[in-house]
Amino acid sequence: MIVEDPCAKDEADFLVAKMPGGIVALTPISADANKACAAGIIDYEEWQVIGGSIMVDPRLADDLICRLQEDGFTVAEE
């Protein structure tokens, strides 16, 4: 579940945005989220990163978001 409260964006660890063509952009915005990405918590290839966001197949995005939230991260929709 993605946080709907617009004020929560300031406190979120990750922002999610649906891109043209259906791709989902997952952007780490907190220090903890950036550390998690660097530590390999999210498995992705370098070619999936555009402008600091990880591009995710929409079929996998919901599961990834749920797993991030289970690990204690907050996710907000951009």
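The numbers here are math on the coordinates, done by the rules we state, and not lab data. These numbers were taken from a predicted model, which means no experiment stands behind them. Cβ: placed from backbone, ideal geometry, glycine included. Neighbour counts: every protein chain shown.
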(request) Treat every Asp and Glu Cβ in the chain as -1 and every Lys and Arg Cβ as +1, leave all other atoms uncharged, and give the resulting dipole magnitude about the Cα centre to the nearest 20 debye. (result) 180 debye
(request) Mind jotting down the distance between the C-alpha centroids of region 36-55 and region 64-78, whole Å? (result) 15 Å
(message) For the chain, what does the relative contact order come out to in percent, with C-alpha contacts under 8 Å and a separation of six or more?
(response) 46 percent
(request) Of the options GLY52, GLN69, THR27, report the single residue whose Cα projects farthest towards the positive end of the charge dipole of the chain (beta-carbon charges: Lys, Arg +1; Asp, Glu -1). (result) GLY52
